[in-house]
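Worksheet: the structure to be examined is printed underneath.
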């Protein structure tokens, strides 16, 4: 009596491999999106917290938190005193000639940040009035915000993953506004851009300024933006 042999035929193996391939094609991209989104959200939350905490420490030390009253040379340097292991990258006191230590953004090099929909670049002049490099590589930028221009506070930009790409507003580059000892996400009800609704990839130009508020209020924001921006 012949012993029966159990096993898979070649056809069955190929079918099984095909099924595995289909499942992998569906699940792996979703998994990668989840990983990227989680990393970006963690970086965003950490950077926001570090800058907010430094401003609170300034206030507790009876140091003015009205950044509109500071000069370009003192604004970021004052905040840096209340941070740990921070590098002062540059200021705009010498015109366009600025120092660029390793890890810092190089101004006027042609490598400007882009809007959310990639329709145009954000001019360096908007965020070149002071730059700080945090220990994890995140970058904090300051804008000149004179009271005479009617700003309610002072705009602070944060690149949550430093020199890593894509360097796009609303993806890894976010706008905040410092007011009265607090750091508000741009687009919030107390900010200068509260009436703007430009966190939209379909906006023809300058999209992304108010995405900071959505990144704070929408728990799935980073998942959505990672899916749409490849």
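The values are calculated or read from the model by the stated rules, or taken from the named source; none is laboratory data. Quick caveat, the model's predicted, so the values are computed rather than measured. No Cβ is skipped: glycine too gets one built from the backbone with ideal geometry, and neighbour counts run over all protein chains shown.
Of the residues making up region 186-211, those that are surrounded by 15 or more Cβ atoms within 10 Å (Cβ to Cβ), touching a strand residue (DSSP E or B) at 6+ places or on another chain (Cβ under 7 Å) and free of Cβ contacts under 8 Å to residues at least 40 places away in the same chain are 186, 191.
Just one of the numbered conditions (1) closer than 15 Å to residue 113 by Cβ; (2) out of contact with any helix residue (DSSP H, G or I) (no Cβ under 9 Å at 6 or more places or on another chain) is not true of residue 203: (1). Regarding region 118-130, can at least one residue be identified that is in contact with a helix residue (DSSP H, G or I) (Cβ under 6 Å, 6 or more places away or on another chain), modelled with pLDDT of 80 or more and outside any loop (DSSP other than H, G, I, E, B)? No, region 118-130 has no match at all. All told, residue 44 falls short of being out of contact with any strand residue (DSSP E or B) (no Cβ under 6 Å at 6 or more places or on another chain), buried (at least 18 other Cβ atoms within 10 Å of the Cβ) and at pLDDT below 95. In the set (1) surrounded by 24 or more Cβ atoms within 10 Å (Cβ to Cβ); (2) touching a helix residue (DSSP H, G or I) at 6+ places or on another chain (Cβ under 8 Å); (3) closer than 18 Å to residue 52 by Cβ, the condition left unmet by residue 182 is number (1). Apart from one condition, residue 176 fits all of (1) over 19 Å from residue 69 (Cβ atoms); (2) buried (at least 23 other Cβ atoms within 10 Å of the Cβ); (3) at pLDDT 95 or above; the exception is (1). Any idea which of 94, 109, 64, 49 is exposed (fewer than 14 other Cβ atoms within 10 Å of the Cβ), at pLDDT below 95 and closer than 20 Å to residue 181 by Cα? None of the other options fit; the residue is 64. The residues of region 131-144 that are at pLDDT 90 or above and either crowded, with 20+ Cβ neighbours inside 10 Å or in a strand (DSSP E or B) (or both), listed by number, are 131, 132, 133, 134, 138, 139, 140, 141, 142.
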